[in-house]
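Peer 1: Below is a structure I'd like to ask you about.
Throughout, read-outs are computed from the coordinates displayed, never taken from laboratory work. The model shown is predicted, which means the values in this text are computed figures rather than measured ones. Don't worry about glycine lacking a Cβ; one is built from the backbone with ideal geometry, like all the others, and counts go over all protein chains shown.
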Amino acid sequence: MKKLSFIIILGLLFGGCDAVYRYLVLPDVRQEYAIFPDATALAALNDTAYSVSQDGMSLIYNAKNWKIEIRYMSDYQLNNFEFPEESKLGEFSGNPYTFGNWIDPKLGITPVRFSVFKVSIFNYTGTKLNYNPEGTTMFTNRGDELRAYAREKKNAKSMSMEEYFTKRKGKSGVEDDVFETRMGIVRRTMLYYGKPVYKGDSREGLVVFDPVDESVQNIKIEIKDFVLAYNENNEPTEFRDLVYHCTQKEITDVKYNSLQGKVRWEQPWNPYPQSVPNLVAHAQRNTQLKLKFIQGSFDDAFQVKAPIAMLFGNGLVPEFSPTFVSASAEFISNGGVIYIDNCYVKEGNNFRPTMDEYLSSLQKKLVGKMEYKRIEDTHAIYNQPNKLNELPNGYDELLPERERAYFLKGIFFNGKLAVIYSSKGYPVHWAEDFTEANTKQLDFGVNILTYALKTKQEFKK
């Protein structure tokens, strides 16, 4: 795995005691990997029972009266959605399947601890089914043969999770507690060979392997002796072997950390700290983008490689120093996109005149062809990957006294949209719990991310 920059945000003043902006820099597309179904290899099996789910993430074997689905679980998914509270304590994180937010000081990255899959079994009309995860093996194109872990050491055919963590456990009371937390999650969430899955029932859980090397491209998962029936003595009598093909691909890997809570005006640089994490989660659910975000600043070494910077306002008046304007121009000249939005859109606030002055200064620093104009609804930010065709409603339309914007403007630098200037207050909508009411606003945010990543990739070519 290539080295990642991990940045903890430091205070950034843009001159003057009333500075209210901090910006979020989303770093370059990193070379990270995830495992996806290989539809081509599945088709070569010539068995119509095999398929791939509509979102392209799950492998399915549907025998009509029963079904098995297998889905890869990324570290991001495990840390942020499955075990968020157990993934925040560094080396003492209780999440057994990842290293949580711990960073290896020698590598400068968070390594991958395991390759984890969620297996779901559905018994529609069969008598009773059963599955022993220890009979599952993962083969790779470079010759690896990885056996699935057992839960406990007792009666394990190969390595167990209990043995794995026992070998790595220290002698302190804290480490005893962490061990018990991890094993508690293992016992609660890992599949094991237990009681059968009866007619009309279902079962799901995690199956765990050692991590797949990043050089691997093709993966085959073999399930041996999946039990389809029992005799009168309750002994398995009918079995099925299953094969699932996967491929390992590079993914977009960007990380973002933020304070908890929905509204924090005392943090003027980021008044709605849940906005970007919620946007990431929406992208995770609805696109092939695999996103993690890091907060950063133009002072950070990686800023030249970053695809997007976000500036949010909360109603106070910033002063943009010449140094900041020059750094903004350098960022754009290196293929970056700046997204500006206002989270405090009352009439009479100084957001627009202040930003107009900043953008005017920015254009003077850029060397190349420039246009500052309306962004038409035919632009990619309205249509890729989500077809919106019009500007989604913003925070400015919630109350009558709010100043309403009917279109967005932007700076086009050498023919490419480089600055997206909004006063709609979309981060306010992004920060809310996901509902149908804020879907279009989140979709629009995903379009902006997608456009910035694509623009940066094209610049690098």
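Peer 1: Roughly how large, in nm² to one decimal, is the mean projection of the convex hull of the alpha-carbon atoms in region 33-249?
Peer 2: 13.3
Peer 1: Sticking with this structure for a sec: Write down Rg/Rh for region 162-242, rounded to two decimals, with Rg from the C-alpha atoms and Rh from the Kirkwood relation over Cα pairs. Show your work: numbers first, answer last.
Peer 2: Working: Rg = 17.9 Å, Rh = 16.4 Å.
Taking Rg over the Kirkwood Rh, I get 1.09.
Peer 1: Continuing with the same structure: Can you spot the aspartates and glutamates whose alpha carbon is less than 13 Å from Lys409's alpha carbon? Ignore those fewer than 8 places along the same chain.
Peer 2: Asp341, Asp356, Glu371, Glu376, Asp377
Peer 1: What is the Cα centroid distance between region 48-112 and region 130-168, reported in whole angstrom?
Peer 2: 17
Peer 1: Further question: If each residue's Cβ is checked for other Cβ atoms within 10 Å, how do Trp102, Trp66, Trp430 rank with the fewest at the top?
Peer 2: In order of increasing Cβ crowding within 10 Å: Trp102, Trp66, Trp430.
Peer 1: In whole Hz and in residue order, list the ³J(HN,Hα) couplings for region 146-155 that follow from phi through the Karplus curve 6.51 cos²θ - 1.76 cosθ + 1.60, θ = phi - 60°; x for Gly and Pro.
Peer 2: 9, 8, 5, 6, 8, 6, 9, 5, 4, 6
Peer 1: Using the count of nearby Cβ atoms within 10 Å as a rough guide to exposure, how do Tyr382, Tyr97 rank from fewest to most? If you can, show how the numbers build up before the last one.
Peer 2: Numbers: Tyr382 21, Tyr97 27.
Least crowded to most crowded, the residues run Tyr382, Tyr97.
Peer 1: Taking neighbour counts of Cβ atoms within 10 Å as a proxy for exposure, in what order, fewest first, do Arg71, Arg188, Arg404 appear?
Peer 2: Least crowded to most crowded, the residues run Arg188, Arg404, Arg71.
Peer 1: Assigning unit charges at the beta carbon (Lys, Arg +1; Asp, Glu -1) and nothing else, what dipole magnitude in debye, to the nearest 20, does region 33-249 show about its Cα centre?
Peer 2: That gives a dipole near 220 debye.
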